[in-house]
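Down below is the structure, laid out as structure tokens.
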């Protein structure tokens, strides 16, 4: 099967429009239609139901998505692997949830490159479920997570902690006043979300919901409001009094884990990388 057929399928799935998919793939619309028909002939079932201005996936199409994504990902990894130069004898596929990339992971990449000069690094940003699937399918070496899955196939190692503090652009704010001053919800994982529900008398209705602490920080600084942010990120703004701690709300510590496949033949190569991650301070290198 040509990999281009699956790429076309994924793009039509994403855009739900043959014309837009054609533009994004630099193809004609007739070429996109031909590829989808050819793929449907190969799998033997319709993948889309075509209605005017409305393209819907069939059940078979829905089931094909994860397989298509894995095949494309594996093909990309195969191309990268065979293209690695003689000097680069190690390839690392490192994944993490969105919030951890913004909080500290992206600042670790130069450090890893310096510590392992013969290593080629590939990154993946996704949610906990998709990163777990990538680990189990073998397309991901390490996943950096807040809520590691309890699966017998996976091992986990704590690499550090992030201290989260409730900060606000308003001084002398109490927990009872947070709702009245634009609460920004930052997703720090299921365990954290359940915990903060118990910190307030009434459920908070956020003005903004985001998976990135950098977005929340910029919003609070420019618009005003309150959010749970890493102390290492909010610290400089607390010192300059651009931000203020919300009184009577204690900091919440979240453990960060490196997760990998148990008894993986790659573990001897991953172990020194995990040890380096344990040594790094979990903080960004830049401030807004």
Name the pairs: first residue in the range 15-26 and in contact (Cβ under 8 Å) with a residue 24 or more places away in the chain, second residue part of a helix (DSSP H, G or I), Cβ to Cβ under 8 Å, at least 6 apart or on different chains?
18/12; 18/29; 18/32; 18/33; 18/36
Does residue 152 satisfy the criteria of being surrounded by fewer than 16 Cβ atoms within 10 Å (Cβ to Cβ) and under 20 Å from residue 275 (Cβ atoms)?
no
Please state which one of 164, 173, 199 is in contact (Cβ under 8 Å) with a residue 12 or more places away in the chain, surrounded by 18 or more Cβ atoms within 10 Å (Cβ to Cβ), farther than 25 Å from residue 284 by Cα and touching a strand residue (DSSP E or B) at 6+ places or on another chain (Cβ under 9 Å).
173
Pairs, first more than 24 Å from residue 281 (Cβ to Cβ) in the range 253-269, second part of a helix (DSSP H, G or I), C-beta under 8 Å, six or more apart:
261/135; 261/136; 264/270
Filter result (touching a helix residue (DSSP H, G or I) at 6+ places or on another chain (Cβ under 8 Å), in contact (Cβ under 8 Å) with a residue 24 or more places away in the chain and assigned to a loop (DSSP other than H, G, I, E, B)) within the range 202-242
204, 205, 211, 212, 224, 225, 242
Being free of Cβ contacts under 8 Å to residues at least 12 places away in the same chain and either under 28 Å from residue 133 (Cβ atoms) or not in a helix (DSSP H, G or I) (or both) is the requirement here; does residue 7 meet it?
no
Out of 281, 265, 285, sole residue that is in contact with a strand residue (DSSP E or B) (Cβ under 9 Å, 6 or more places away or on another chain), surrounded by fewer than 13 Cβ atoms within 10 Å (Cβ to Cβ), at pLDDT below 90 and farther than 23 Å from residue 196 by Cα
281
Answer residue from the range 1-60, given it is touching a strand residue (DSSP E or B) at 6+ places or on another chain (Cβ under 7 Å) and exposed (fewer than 14 other Cβ atoms within 10 Å of the Cβ) and is farthest from residue 72 (Cα to Cα) among those
49
Here is a list: 273, 249. Which entry is closer than 12 Å to residue 144 by Cβ, touching a helix residue (DSSP H, G or I) at 6+ places or on another chain (Cβ under 8 Å) and not in a strand (DSSP E or B)?
273
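The values are calculated or read from the model by the stated rules, or taken from the named source; none is laboratory data. Just so you know, these numbers come straight off a predicted model, no measurement behind them. Every residue, glycine among them, receives a Cβ derived from its backbone with ideal geometry; neighbour counts consider all protein chains shown.
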